[in-house]
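The values are calculated or read from the model by the stated rules, or taken from the named source; none is laboratory data. All figures in this text were calculated on a predicted structure; none of them were measured in a lab. Reconstructed Cβ throughout: ideal geometry from the backbone, glycine too, with neighbour counts over all protein chains shown.
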Amino acid sequence: MTEKILEKRYRLEKLIGSGGMSNVYKATDLEENKTVAVKLLRQEFIEKPEFLKRFRAEAQAVTSLAHPNIVKINNVNFRGNEQYLVMEFVDGLTLKQYLDKERVVDRRDAVHFALQILRALNHTHSKGIIHCDIKPHNIMVLDDGTIKMMDFGIARIARDKIQGDGENTLGSVHYLSPEQALGEELDPGSDVYSVGIMLYEMLTGEKPFDGKDVNEIAQKHLYTHPTPPREINPQIPIGLEEIILKALEKNIKQQTRYKDATEMLKDLETFKNNNNITFGYSFEQKKEKVKMFNTNETKYYNPNNLTEQDTEQSEQEYEDDELEDDELEDGESEEVEGKSLFVPILSAVTIVVIIAAVFFVVSLVNDAFGNGGGGGSTNKSTPFELENLIGMTIDEAGDYCKSKGLVLEINQDAIASEYEANIICVQVPAAGKKVKKEQIITVTVSSGMPLEVQVPDLLGQDYKTAQSVLEQNQLEYSLDFVQSNSYSLYQVCEVDPPVGSKVAVGTIIKMKVSTGMDSIPEVEVPNFYGMNITDAQLAAQHAGLILKINPTAENSSEPKDSVIRQNPAKGSVVIKGVEVVVTLSNGVAPMNEVTVNITLPEGYSGAYIIELRTEPAVSKSFNVESNASISFTISGTGKKDIIATLYTADKLKNAVIGVVGVDFTTKDVDKSLLNINGAFAAIGEKAVTTQEPATTAKTSTTSTTTTATETTTSTSTSSETSTTTTTTTSETQPQPPETSDEEPVIPVFAD
């Protein structure tokens, strides 16, 4: 089905995903002229109430959420023969596809991904929702490193059998928690267990529990402790291994595992700020029967975790999975202490589905359709521009959000920043973004200036060893080679700041390195910036230097694998044979905020609007008499040319101001192509100042007053009564500046 239009608004263009209950299409929202994803319930399920309940339950699970790391539902329709969800279109790879490509993920990237997943789960758990199907297939990775969590389908229909035991058939079983395997009660810790498995897989390239079929893998979740990840990848820091193993603790009843995303998030944030930290957690590596909850209640249980069929799309993946009954081959018996792991699961499916569906349908009616039900948008409030909360206290931000009908969510973990303690230093969404009433605004407060560390004792160490020690302590360094009678060749002979000093993380430590008693030939470090790896290696070899490549590429608008930073810096004088460390671009431009100020001309009156055609467009209304300039805060990546347009307040007239060039990487703003004077000359109203009439005399008099802008004549025709005032505009009144012939932008007038 392509080119079909739903409700004269959503044009279906391309099938991008297919599952048990629905198909997902890339579509165009004709009303808002943007790309969306439409999940359309299959026609054969329209008349089946159980499918309708499950489909609507998924909608309710997501429409009650508002988080930057969760795929957003824009609209829903549960009427007639076309029932569908309209979702945010996410263009990227699934984490599964990313892992297939990279196999082992760089430690910083893995922590970055896991933090975003945990923040999303922290939000869902706060709403009383357990995802129950956290796995790489349900995580989208965008080009800028942002992740989006998706697929909140809670219940699936059972089919007749498991189709084989390949990777696609095993599906979610690699990521399910022990309590899911037994059909026991779930809580937020069940999602945490799945995150621990994904973090393990990202850092080692291996799943902690694997086997030839579903039962064997599920059995390992119950009985087998994972191989410590450092035994597979020794580069994993001890603290990070502790976090993974604590997330994979089996017995949630004894609270040895993180109880929710908040606990794990706190430890992971702490590790991010100090990679050398250890938590002192201990783990018993022994086989034992896992003691689970013994209760008849099952909360948000999603049985399809065991036998899901994964459908991957090269462009994008939206899944709608199916539960399949376990069918063993003739004569084969897979048992766990005398009975199959699937017996309790399948026996509970019917009750579980009813409980989950009823809960969500009731919530759906209360929340999404509280104004009378039916399809359409769940929030029709007018979008407005979010102010900058950074620099505010929590109370100030709370007052602002309350006045605007927004919901303030406070990240429980403060982070080090240049702001004073308890001052907001991060906000999501960013200032200037369009938001609606009841939208959640998440803020993080500062814990004060960056963490301090002691300058380690480097004297007498080989300079390469000293470099590694500084990197481990999150300190930068510079090198200066000097002759020394006291230290041998390449030993560190002086450190500034001195050993033992307390300095902020990221401080540059100046090291003087001995060349011994004899001088060694010196060379000037070339400029490697912008070179690809091959050219940089040739240049280093020609200069008699050794090129060392930082294994972690960084965000940059420069081409992928080109040099964006080097140490020592270009022009530094070093001895031959010294290592020059270069950092490469990953080709992903960093997202930055830039402020654009537009100075307003004098001599005009009235209300106007200036719009910057960003994506989405931003605009500000103002009164020209009371504003000297208008300021915009916009965010983006790379270099962009942004059109600026001036409108009258009623938008009946407009004139192009020009083009502002923005480099979001360097935060440079080029306003040379703006012609604000010309735009106002085209549609602006000139300001006219009228002077008060002269005081009426007892006898007939004539008073004339002349100013730089006008001439006023007041004539009294009666000694006590009639006064006539005539105002004329002088030829000396200043006119708006003429547009220069060299201006590249010509204002366009439009009625």
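Candidates are the residues of the stretch 638-673 that are in contact with an Asp or Glu (Cβ under 7 Å, 6 or more places away or on another chain) and not hydrophobic (A, V, I, L, M, F, W, C); the one that is nearest to residue 618 (Cα to Cα) is 645. For the stretch 231-244, the criterion of being of a type in the set (Val, Ile, Thr) and in contact with a His (Cβ under 9 Å, 6 or more places away or on another chain) is satisfied by no residue at all. One residue stands out among those in the stretch 62-91 that are buried (at least 20 other Cβ atoms within 10 Å of the Cβ) and among the small types (Gly, Ala, Ser): the one that is farthest from residue 275 (Cα to Cα), which is 64.
Against the definition (touching a helix residue (DSSP H, G or I) at 6+ places or on another chain (Cβ under 6 Å) and outside any strand (DSSP E or B)), how does residue 526 come out, yes or no? When the stated conditions are applied, residue 526 passes them.
Considering (1) surrounded by fewer than 16 Cβ atoms within 10 Å (Cβ to Cβ); (2) in a loop (DSSP other than H, G, I, E, B); (3) of a type outside the set (Gly, Ala, Ser), the lone condition that residue 464 does not fulfil carries the number (2). When residue 493 is tested against (1) in a loop (DSSP other than H, G, I, E, B); (2) at pLDDT 90 or above; (3) among the hydrophobic types (A, V, I, L, M, F, W, C), only condition (1) is not met.
Of 634, 630, all but one fail to be free of Cβ contacts under 8 Å to residues at least 40 places away in the same chain, closer than 27 Å to residue 591 by Cβ and surrounded by 15 or more Cβ atoms within 10 Å (Cβ to Cβ); the exception is 630. For the residues 412, 454, the requirement of being surrounded by fewer than 16 Cβ atoms within 10 Å (Cβ to Cβ) and within 19 Å of the chain's Cα centre (by Cα) singles out 412.
When each of 580, 563 is tested for being over 22 Å from residue 672 (Cα atoms), at pLDDT 90 or above and in contact with a Pro (Cβ under 7 Å, 6 or more places away or on another chain), the lone residue that passes is 580. Among the residues of the stretch 569-580, those that are touching an Asp or Glu at 6+ places or on another chain (Cβ under 9 Å), part of a loop (DSSP other than H, G, I, E, B) and either aliphatic (A, V, I, L, M) or surrounded by 12 or more Cβ atoms within 10 Å (Cβ to Cβ) (or both) comprise 570, 572, 576. Within the stretch 124-149, the residues that satisfy the criterion of being under 18 Å from residue 197 (Cα atoms) and of a type in the set (A, V, I, L, M) are 130, 134, 139, 140, 141, 147, 149. Evaluate the stretch 593-603: report whether one residue or more is modelled with pLDDT under 90 and outside any strand (DSSP E or B). Scanning the stretch 593-603 turns up no residue that is modelled with pLDDT under 90 and outside any strand (DSSP E or B). Counting only strands (runs of 3 or more DSSP E) that sit completely within the stretch 66-142, those holding 3 or more residues that are in contact (Cβ under 8 Å) with a residue 12 or more places away in the chain and within 17 Å of the chain's Cα centre (by Cα) correspond to 139-141.
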